[in-house]
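See structure below.
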Amino acid sequence: MMPKIKAANAMLNVLKDWKVDHLYGLPGGSFDSTMNALHETSELNYIQVRHEETGALAAAADAKLTGKIGVAFGSAGPGATHLFNGLYDAKMDHVPVLALVGQVATSTMNTDGFQELNENPMFNDVAVYNRTVTTAQQLPHVVDQAIKHAYQESSVAVVTIPTDLGWIEIEDSFTATAKNYRQGYPQAEVADINAAVKLLTAAKRPTLYIGQGTRGATDEVVALADYYSMPIVSSVLAKGIIPDDHPAYMGTAGRVASKPGNEIVATADLILFIGSDFPFAASTFNLQAKFIQIDIDSSKLGKRHHTDVAILGDAKTTMRQLFEQGQPKEKNSFYQAALANNKNWRNWLASFATAKQIPLRVEPIFAEINRIAQEDAIFAVDVGNVTIDGIRLLSLTPNQKFTTSGWFATMGYGLPAAIAAQLNYKKRQVFNIAGDGGFSMGMQDLITAVKYKLPIINVVLSNDSLGFIEAEQDDTPQPHSGIDLASADYATFAKAMGAEGYSVHNLTDLRAAFDQAASATGPIVIDVKIANERPIPVEHLVIDPEAGHSQTDIDQFNQTYASKALVPFQKYLTQYQA
């Protein structure tokens, strides 16, 4: 006779077969059968969060940091609706996440019962696979299929589970398909490779733009860029693939960007665009540039910019082919001008690293982060001005990890992502870097870090404003509205939660707090009171008279942003005759 097993336990066996080792959530009555199954297993760690949004964001961060599927759950009604922020973050940053959603018992469904919602239609937009289980026997099979779809489409799968079904005993005969799952990549056509090489050879100002699709291919990116003498620009989510101190790495483009990154893509006559879905290409890239795009997803080809050569293929393999089929190019005047411009930008940033002004500038804070950061540290960066600062001022290597909420750009991402990072990489140093707006959105889950003894270093940049939105209102222009934040003492809050807390007002406080953070064995919050100063808007630079800027406007811009030492890229192009 076939042995029996509760359906909820059979479902958890599927998760284990797919190498899931933890999941996030908050119990509710409609999830009791699954909670009971979790209680009966020692191979899956249940991580209790204080808000389901935290769990869903942490699951998304699991997937971003490890490449493995993240799992979160919510009970019927409010538990389900609280998941959306994290699920949309996973969808828009293209990572696999499974959401298990509780539902009232089948006998209560369709009766307008307590906490009953018609949940399936709610998740239609966010999920590539969205099913409500209708029999106990289906439960392990549906979850197995959900995981496959999430992996295959790098997105979200949702399974809604009426609570009574999990208690029912079924035959213990289901075998998960994890061991059979395969993921392959298309191989580039030779004709496309040859066409790309021809354009690369002819280009006078070639530039390499990389996205997450090049993760794991650092050596290939560096070699290809050097071979064809291309400056390198990356998406925000690709930060860390190239060492930040590489002379040819220009940073990022757009608004969350560096000066060299924007200037290079605007003046390039060819852009080799690999493994990215950058949505601001139309407003940032030179639209007249020749464009070569490499992606494993054909639907992305030509999506963001007119494309001269579209290559359907894996980034690493295709870069090797481009390397093998072409000839090395000399480091021409454009390349030399780009490196000089990049050096000027980096020197300008570094000039503020010891600034003593009070309230503090952000540069000394990031100098301290870089000082104590271990060689394999992980950085979870929240959303807002802190994202701009993190992109510009964190000095990363490929041995470290960086994560943020990219295209969904949800505030409150930093702490959940740091929790995920510390759970996945228990022996590595983890930072959560957030503004006061982002930190306060989910700061209740600092107690989760305390409960699980996660030694996360939380750095809060407190300027009492939603600074990123304040800048948008300035640019409109319009009066400041709704952007002021009440001041708070996050160090005292941290202590109330059982963590260490430090309030920082000057360089002496700053150094002392980070010395403590370097050896902390539990969660710590460093609340740094900073000046409410906008990061220099590299998308709206006013420093070049040849661009039509009046001397009065240039002087005003330089006074506002202390930018007199920044050299317009056009001067380097002229100097190097590029």
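The values are calculated or read from the model by the stated rules, or taken from the named source; none is laboratory data. The model shown is predicted, which means the values in this text are computed figures rather than measured ones. Here Cβ is always computed from backbone atoms with ideal geometry, including for glycine, and neighbour counts include all displayed protein chains. Accessible surface is based on the protein model in full, side chains and every heavy atom, while ligands, DNA and RNA are left aside. Shrake-Rupley method; radii C 1.70, N 1.55, O 1.52, S 1.80 Å.
Kindly state, as a whole number, the per residue volume in cubic angstrom of the convex hull around the alpha carbon atoms of the chain.
Spread over its residues, the Cα hull of the chain gives 155 Å³ apiece.
What percent does the relative contact order of the range 4-180 come to when contacts are Cα pairs within less than 8 Å and at least six residues apart?
Details: 410 pairs, mean separation 50.1, N = 177.
With pairs under 8 Å counted, the relative contact order is 28 percent.
Please state the relative contact order of the chain as a whole percent: Cα pairs under 8 Å, 6+ residues apart?
Values: 1272 pairs, mean separation 70.4, N = 578.
Dividing the mean separation by the residue count of the chain yields 12 percent.
Can you send over the carbon and sulfur percentage of the accessible area for the range 4-180, probe radius 1.4 Å, protein chains only?
On the way: 3110 of 6660 Å².
The value for the range 4-180 is 47 percent carbon and sulfur by accessible area.
Give me the distance between the Cα centres of the range 488-504 and the range 383-459, rounded to whole Å.
With the range 488-504 and the range 383-459 each reduced to a Cα centre, they are spaced 17 Å.
As an exercise, identify the trypsin sites (Lys or Arg not before Pro) in the range 397-464 lying in DSSP coil whose Cβ has no more than 13 other Cβ atoms within 10 Å.
Values: sites: 401, 426, 427, 428, 451, 453; in loops: 426, 427, 428, 453.
Those satisfying the criteria are 426, 427, 453.
May I ask which of 198/331; 259/529; 6/91; 300/331; 316/343; 529/564 have a Cα-Cα span longer than 22 Å here?
Checking Cα-Cα distances, 259/529; 6/91; 300/331; 316/343; 529/564 exceed 22 Å.
State in Å² the accessible area per residue of the range 254-371; use a 1.4 Å probe, count heavy atoms of protein chains only, and round to the nearest integer. Intermediate results must be reported in sequence, preceding the final value.
Working: 4760 Å² over 118 residues.
With all protein chains present, the range 254-371 gives 40 Å² per residue.
Taking just the C-alpha trace of the range 289-333, give me its Rg and Dmax in Å.
Gyration radius and largest Cα-Cα distance of the range 289-333: 12.3, 36 Å.
Leaving out ligands, DNA and RNA, what percent of the accessible area of the range 352-529 is carbon and sulfur, probe 1.4 Å?
On the way: 3600 of 6770 Å².
The C+S portion of the solvent-accessible surface of the range 352-529 is 53 percent.
For the range 190-341, what relative contact order do you get, as a whole percent, if you take Cα pairs closer than 8 Å and at least 6 residues apart? Mind dumping the intermediate values first?
Numbers: 299 pairs, mean separation 44.3, N = 152.
That works out to 29 percent.
What is the projected area of the convex hull of the Cα atoms of the range 31-79, averaged over all directions, in nm²?
Values: hull surface 15.1 nm².
If you wrap the Cα atoms of the range 31-79 in a convex hull and average its projections, you get 3.8 nm².
Along each principal axis of its Cα atoms, how long is the range 454-563 end to end? Whole angstroms, biggest number first, please.
Cα spread of the range 454-563 along its principal axes, largest to smallest: 55, 30, 22 Å.
Where both partners of a DSSP beta bridge lie in the chain, what percent of those bridges are antiparallel, to the nearest 5? Spell out each step's value before the answer.
On the way: 4 of 69 bridges.
Around 5 percent antiparallel, to the nearest 5.
Within the set of other residues whose C-beta is less than 14 Å from the C-beta of residue 313, count the net charge using Lys and Arg as +1 and Asp and Glu as -1. Before the final figure, lay out the partial values.
Details: positive: 300, 316, 320; negative: 189, 192, 220, 295, 297, 314, 324.
It works out to a net charge of -4.
Restricting things to alpha carbons, find the Rg to Rh ratio for the range 1-109 using the Kirkwood radius for Rh. Kindly include the intermediate steps, with their values, before the conclusion.
Numbers: Rg = 13.9 Å, Rh = 14.1 Å.
Here the Rg-to-Rh quotient is 0.98.
What do you get for GluC sites (Glu not before Pro) in the range 274-382 restricted to DSSP loop and a cutoff of at most 16 other Cβ within 10 Å of the site's Cβ? List each step's numbers first, then the result.
On the way: sites: 324, 330, 368, 375; in loops: 330, 375.
Listed in order of number, the matching sites are 330, 375.
Using only the alpha carbons of the range 190-341, what is the convex hull's orientation-averaged projected area in square nanometres?
Details: hull surface 30.1 nm².
The number I arrive at for the range 190-341 is 7.5 nm².
Mind checking the range 481-578 for trypsin sites (Lys or Arg not before Pro) that DSSP puts in a loop (not H, G, I, E or B) and that have at most 14 other Cβ atoms within 10 Å? Intermediate results must be reported in sequence, preceding the final value.
Details: sites: 495, 511, 529, 564, 571; in loops: 564.
Sites meeting the loop and neighbour criteria: 564.
Tell me, what is the per residue accessible area of the range 423-578 in Å², probe radius 1.4 Å? Write out the running numbers ahead of the final one.
Numbers: 7570 Å² over 156 residues.
Computed with neighbouring chains in place, this is 49 Å² per residue.
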